[in-house]
Every structure is written in C-alpha cells, then in structure tokens.
Amino acid sequence: MITRDQAHELAQAWLSAARPEPADISLYEFDLGWVAWRTPEPVAPGSPPASTGGPQIVVDRETGDISRWPSIAPSAIAEQYTAAHAEADRFPPDVHLILTKAGWFPGRDVSETIEAWLEQKAGPLGHFPLSDAARAALDEFGGLVLATTIDPAHRTLFYPAAEQVAISQTIGFAEEYEDEDGYAGPAFPIAFHENGPAEIVMDPRGRVFSLHWSDDLFLGNSIDEALITMCRTTSPPSAWGAFTSPDQDEASA
C-alpha cells in the first residue's frame, strides 16, 4: 500500500523527468490513489498563465503504478480511473484491447445518438421490439466498428455506425422470429456482421444471436459474452456456436 509521501515522491520523479530541478507537485487524493500534476508557477494578477494544460498522472494506491491521463479536472480523472478499475475484469485482455481500439471505454454512453436514431427510424416502421437489454447494449456499444480479425470482411458494425444497413431493412428479422423457439419474445437487431452477411440480434432476456444465412447461431447469454465470442473468432459466423433454445438451456442447467 502506497502512502501519500510515497505517491508524492513517485509523481515528482515521473513529472520531473528531463528537468534540471524537481518540479513542485500537487496531489488530489481519492479512494484508489492520487491524481498528480506539476503545480503551475504563480503569475501576476491579470496575467495569463505561463502554460495551459500539462501532463497529469494517477499513482495507484495499492501498487504504486503510474498511468498518464489527459489534462482535465482531477475529480474527473478520479471518476474515470474508478470506473476503469471497476471494469478491469469485465473482458479478457485480448477482447478489451479490440474494444478499446474501436473506441469503447468504461462508462461509454451514446444514448443521445441512439435516441435520435430510433426516433428517425420509428416513424415509418411503427412498433420497435426494443427491450431494456438491447437498449442498454446500444447505449454503450452503438457506433463501434469491431475489427474482429485481420480480414476486413469480418467487421461487426454496431448500430448506428457510419456504414450501417438501414434498420428498416432488418426489422423484419425481429418480426419473423418473434414466435420461434429460442427467442424470449421479439428480437431486436443491434449489429451487422459483414461476413456472410449476418444480423446480430438480442432477445428481451439479453441473449445474443447471429441470424446467418446458414443457420441461427447462439453467441452468448449477454452482450459481454457475445462480444467475447465475436472478438475471438477467426472464422465465419457459422463457427460461432450452435443454436441454443430455452429447452436446451433448462436441460443443461
């Protein structure tokens, strides 16, 4: 466990690198550690600051590890660091890397964009079978383009993405499969997989399926499980898994 004095020493050494004299350091303490930055030099009243912004770091309270953060309010850095720490075990490292490269981060929220998109599409289509689980998945992952393999044809586009297929062309899947075994009510399209192609849909229980031309394929019991499946595949959707019906779920429980 790192003390405040140790955190100050570590931060001063890091922030003073390549400087002839040790920098004066300011610390902002929070539960998981300290946000540190170079203390700005005093200026005359009415004069502009000598510089704007600058590197800020977090010294982890448990390990002493240092991570660099953008020049934003220390309280905001503390909130983001806490959120990132809580998400650390959510995805395996390889999947986390793919998601991060796509633009995902803990606490990502594009709900305003999703809301505008839904309002735009709802008019000509009327009812949308959008469950709370599907909406939550879109609010967090909407707009991401996952390069799941080295083959560009294997990209997965989460709605609304720049290259999305209009949802008016895919909503029929939800209607068609509303009463099929394996779906707990109407499924809603949340993404489009270019190889195949295949529609990625979620039922009200949060289970995710691929509606591929070869078969209906089960990807996971949650968006997280499905993302792990999709990010780790090096094969077409037909390799993602056999269809799992509610009866099979109960039999295997």
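The values are calculated or read from the model by the stated rules, or taken from the named source; none is laboratory data. Just so you know, these numbers come straight off a predicted model, no measurement behind them. Positions of Cβ are generated from backbone atoms using ideal geometry, with glycine treated the same way; all protein chains shown enter the neighbour counts.
Okay, here's what the table says:
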{"read-out": "Identity of the residue in the stretch 4-29, free of Cβ contacts under 8 Å to residues at least 12 places away in the same chain and either of a type in the set (D, E, K, R) or not assigned by TED's automatic domain parsing to the domain that holds Pro74 (or both), that ends up nearest to Ile66 (Cα to Cα)", "value": "Glu9"}
{"read-out": "Index of the failed condition, Leu138 passing every other in (1) of a type outside the set (Gly, Ala, Ser); (2) modelled with pLDDT under 85; (3) assigned by TED's automatic domain parsing to the domain that holds Asp215", "value": "(2)"}
{"read-out": "Residues of the stretch 195-232 satisfying the condition of being of a type in the set (S, T, N, Q) and in contact with a His (Cβ under 8 Å, 6 or more places away or on another chain)", "value": "Asn195, Ser210"}
{"read-out": "Answer residue from the stretch 37-82, given it is surrounded by fewer than 14 Cβ atoms within 10 Å (Cβ to Cβ) and in a strand (DSSP E or B) and is modelled with the highest pLDDT among those", "value": "Ser67"}
{"read-out": "Set Asp179, Asp224, Asp215, Asp203: member being modelled with pLDDT under 70 and among the charged types (D, E, K, R)", "value": "Asp179"}
